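This report refers to the structure that appears directly beneath it.
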Amino acid sequence: MSLLKLPADDAISEQLAYMGETSDIDRAWMIEYRPDMLRLRNTHEWCRGQTEPFVAELQDVPTTLIAWLHRFMVKGQAVAIHDVNDLPRTARVIQAEFQRQGNKSVLSVPVSHDGKLQGIIGFDTTVRHRHWSAGEVGALYQCANLIGQAKYGSGRTRVPPGNPAASVVYLSMRGVVRGVQPEAIVGVRSAGNYSEIWLDDGSMVLDSRALGVWSTLLPEQTFFRVHRTAIANALHVMDVDRRSVDRWLIRMRAVDETWPVSRSYRKPLRERMGI
């Protein structure tokens with residue numbers, strides 16, 4: 001099972017995408033509680049086709065938003081909702097949130113480890129209503145148990161509460177959303193209407209947003225333009241090749257090829273690198 005082989009967060013993203021594709025749902029997600037259980041955040045999300053993602057909006061949210069659902073999760077119970085419009089009056093707050101997301105049916109299952117509730121995973125449908133079968137509930141429970149073991153077992157620790165959710169940048173491609181810390185991004189390059197996100201582990205993720213959008217998302221303290229088609233992280237620039245007057249090149253950590261530096265961006269590069 002990939003959940004027990006890959007890094008936990010990568011495995012969870014893959015598993016949600018796989019279950020979403022094979023279960024004919026529109027959105028699969030995971031929510032994680034803060035250690036004090038007073039707040040929560042959406043850590044992983046997969047969306048089908050044009051289904052709208054909400055992972056970036058649901059960060060550091062008060063648990064009171066899902067109070068009606070939370071009381072079932074604490075008891076280890078799944079909640080299968082056929083029609084969100086039929087929820088009881090006591091569920092008005094979370095009903096409004098489900099409706100805001102365009103949900104028709106929702107299935108939620110608790111993620112626990114060593115008897116402690118850690119989070120929730122769930123399925124949404126936004127196109128048509130769904131009667132959730134016992135088999136689907138059982139499969140999601142099994143997935144939740146594996147996630148609990150992979151993410152919170154074997155000495156794994158939770159993210160310290162001092163790490164703000166706002167510091168996470170979300171990569172989005174083909175319905176799969178992955179959160180990374182900005183410092184893990186080596187650089188960003190334009191790929192037409194998309195962007196190549198190069199990470200410090202040597203991998204590259206093709207994100208569905210253009211480079212212009214990324215220039216507004218990354219912190220200016222460390223990220224700067226080196227070319228009209230590229231943004232670099234100063235923390236990951238290993239070397240600047242200035243042997244050719246007409247062509248400057250930078251070498252980045254974990255990226256095999258060099259990146260060109262346009263003349264108009266040489267001055268900021270000098271200032272950043274102390275050249």
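What the table below lists for this structure:
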item	result
Output for region 32-89, where each listed residue is basic (K, R) and within 14 Å of the chain's Cα centre (by Cα)	R41
Matching residues, region 44-54, being touching a Lys or Arg at 6+ places or on another chain (Cβ under 9 Å) and under 15 Å from G102 (Cβ atoms)	E45, C47, R48, T51, E52, P53, F54
Residue tally, condition under 9 Å from V226 (Cα atoms) and surrounded by 14 or more Cβ atoms within 10 Å (Cβ to Cβ), over region 261-275	6
Residue match in region 243-262 (condition: within 18 Å of L211 (Cβ to Cβ) and among the polar types (S, T, N, Q))	yes
Which numbered condition A96 fails, given (1) closer than 16 Å to G20 by Cα; (2) out of contact with any Ser or Thr (no Cβ under 6 Å at 6 or more places or on another chain)	(1)
Criterion violated by S172 - all others in (1) surrounded by 15 or more Cβ atoms within 10 Å (Cβ to Cβ); (2) modelled with pLDDT of 70 or more satisfied	(2)
From the options V226, V255, V213, V245, residue that is more than 12 Å from V188 (Cα to Cα) and of a type in the set (A, V, I, L, M)	V245
Restricting region 215-229 to residues that are among the β-branched types (V, I, T) and either surrounded by 11 or more Cβ atoms within 10 Å (Cβ to Cβ) or touching a Leu at 6+ places or on another chain (Cβ under 9 Å) (or both), the residue that is nearest to I197 (Cα to Cα)	T229
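The values are calculated or read from the model by the stated rules, or taken from the named source; none is laboratory data. What you are looking at is a predicted structure, and each value in this text was computed from that prediction instead of being measured. Heads up, the Cβs are rebuilt from the backbone with ideal geometry, glycines too, and the neighbour counts pull from every protein chain shown.
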